[in-house]
Amino acid sequence: MEKLPSARNMGSATAAAKACLAAQEALGPDLVSLAPVNQTIVGVNWSETCWEAPSCVVQPSSAGLVSVVLRIILQFQVLFAIRSGGHSPNPGWASIGEPGMLIDLSRLDAVSINADASLVSVGPGQRWGNLLAALDPYNVTVVGGRLPGLGVGGFLLGGGFSYFSGEYGLAADNVRNFEVVLGNGSIVEANAQVNPNLFWALKGGGSNFGIVTRFDLATIPIHTVYAEIQTYAAAESAAVLRALAAWQLGTGASDVRATVVAISSLSGTTVGFIYSQPVATRPGAFAAFANIPVLATVLPPTNLSALALVEAAAGLANLAPQRHDYRAATTHVHADLYVDMFNFWAERAAAVHRKTGANQTFVLQPLTPNLVQQGIDKGGNPLGLRPSNLSWWTTLIDWRDAADDDIVRGVSIATTEEWKKRSGERFLYMNDCSRDQNPLPGYGADNVAKLRAVSRKYDPHQVFQRLQQDGFLLRKTNV
Ligand SMILES: Cc1cc2nc3c(=O)[nH]c(=O)nc-3n(C[C@H](O)[C@H](O)[C@H](O)COP(=O)(O)OP(=O)(O)OC[C@H]3O[C@@H](n4cnc5c(N)ncnc54)[C@H](O)[C@@H]3O)c2cc1C
């Protein structure tokens, strides 16, 4: 891509100070916090790796005010970052230090449900738990986050892997319309009829094109589901991974109502079995796991609401303020490969745990042919996936000391390198990518070219490439 002038070279400290004052004048002091920005606002980011204090935080409460902010950014050529829920652990994605402006979208949290509850409109600053709670009385839900506190905006723009993705596709595939503020401040809608290329690009293309201020999501006719969550001893981790592969390749995963979530740590593997309708006994789809002895039951076999499921899962992730990272790899489905890779990871994770206290998990997320087909049938997305069985590997890492950043992250970096060598898959799922990874080349050269054309058309000043602090950006993509 051509070299673009950087705001870092343009006397940006002065520009940022002027832009922050202009924003405060336009939006008022309640919506603009000037430096020194208060720590509560800084601490919204899930990971301490992103606790940076910007020149100011602006908290626009409408698309119109986002438009005002982007016009100010364009006028003063100031660096900025966009934050919805702040769950990205990548420094500079949803955080920015001085000089720079943080656009925090937490006040854009409106939820509105249409008359027949087939469509719900939600602001990017909302959390999935609140959205599911609003939908619960209508006996519907959405393809959305698997934990209640997770942010809506970043999740949807990166794709969105849900409990119901095997049946309905990624969350982004179920967006019917985006309201977007472009780099020049204009407010547009993007859907299958209006701005269709921008619509396609936003279904997994991240923060390259504009600030999304409203998502209109198709609801799905699911309320009560079957779920159980079991923990298996560490000695059974290999058996669980073998069962997962058998489930993926056998008849288990071809039942689109069934999904499995398996989270391995050094102390054992916790597995969620979810079936998207109420049933009296454990569905046969999960037979591959039947003979593995359970160590402890987290959630006994239950029929419960989609909202209650997400709430029950809340305890499975560490949402405490610590340093965090995650990292992506994609692999084909093979039991021996899973077990070898688990052992490769576990040996290193154990050594680093002994040295630093860092906790790491090993997670395989099953991609099914129907998941990909749903995206194609719903108009396509830029991810470039073909219907087949794959796994998206990820890890969540929690640690305390900044001095340990490299050694802790080294385990997952070594693991992804080994996955790449052993599996040969180059796709990386954006929502699980770490700061030094770039998912866009894995979308394929044709899709990257299309994304670039959309970026040039809708952002002629290249505001989101030149002035955005960091992210999975086209400016960093050389295909
Ligand atoms: C504990 C945990 C569990 C997770 N589980 C899942 C899961 O089950 N499935 C899954 O798919 N992912 C999962 N993720 C990953 C998650 O989807 C990403 O971290 C996602 O970015 C979170 O959304 P957010 O709104 O908090 O993003 P933020 O951190 O606020 O932003 C992430 C990126 O999106 C950009 N962005 C955010 N909002 C907008 C907007 N409105 N317009 C333009 N750009 C925007 C930001 O600039 C940034 O680059 C999980 C993450 C964590 C920490």
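Of note:
- Residue-wise HN-Hα couplings along the range 178-190, as the Karplus relation 6.51 cos²θ - 1.76 cosθ + 1.60 with θ = phi - 60° gives them from phi, are 10, 9, 10, 9, 7, x, 8, x, 6, 10, 10, 9, 9 Hz; Gly and Pro carry x.
- Reported to the nearest whole Å, the Cα centre-to-centre distance from the range 182-231 to the range 289-305 is 33.
- Taking a ≥ b ≥ c as the square roots of the eigenvalues of the Cα gyration tensor, an a/c ratio of 1.5 or more together with a/b larger than b/c marks the chain as prolate.
- Evaluating 6.51 cos²θ - 1.76 cosθ + 1.60 at θ = phi - 60° for every residue in the range 452-458, the Karplus couplings come out as 5, 5, 5, 4, 5, 5, 8 Hz, glycine and proline recorded as x.
- Taking every lysine pair in the chain that is 8 or more places apart or spans two chains, those with Cα atoms closer than 25 Å amount to 13.
- The calculated FRET efficiency for the pair GLU25 and ALA445, based on their C-beta separation and a Förster distance of 30 Å, comes to about 0.10.
- Full-stretch length increase - ASN114, ARG456 - with 0.36 nm per residue and alpha-carbon distance subtracted: 119.7 nm
- Angle between the chain longest axis and helix 405-423 axis [Cα atoms, degrees, rounded to 10]: 60
- Dipole magnitude of the chain about its Cα centre (Cβ charges: Lys, Arg +1; Asp, Glu -1), debye to nearest 20: 880
- Distant-in-sequence amide H partners of THR330 (H built 1.01 Å from N, under 5 Å): TRP393
- For the peptides 112-118, 432-438, 465-471, the ranking by packing is 465-471, 432-438, 112-118, with the highest mean count of neighbouring Cβ atoms within 10 Å listed first.
- For ALA287 and ASN191, the difference between the fully extended length at 0.36 nm per residue and the C-alpha to C-alpha distance is 30.5 nm.
- Spin-label model, ILE413/SER254: points 7 Å from Cα along the beta carbon direction are separated by 4.3 nm.
- DSSP bridge orientation in the range 7-105 - percent antiparallel, rounded to nearest 5: 30
- Fraction of beta bridges assigned by DSSP in the chain that are antiparallel (%, nearest 5): 90
- Taking the helices alone, the chain has a mean residue ellipticity at 222 nm of -9000 deg cm²/dmol, built from -39,500 (n - 2.57) per DSSP H run of at least 4 residues and averaged over all its residues.
- Each of THR356 and VAL298 was given a label point 7 Å from its Cα along the Cα-to-Cβ line. The distance between the two points is 2.4 nm.
Values in this text are rule-based calculations from the coordinates and carry no lab data. On a predicted model such as this, the values are computed, not experimentally measured, just so you know. Every residue, glycine among them, receives a Cβ derived from its backbone with ideal geometry; neighbour counts consider all protein chains shown.
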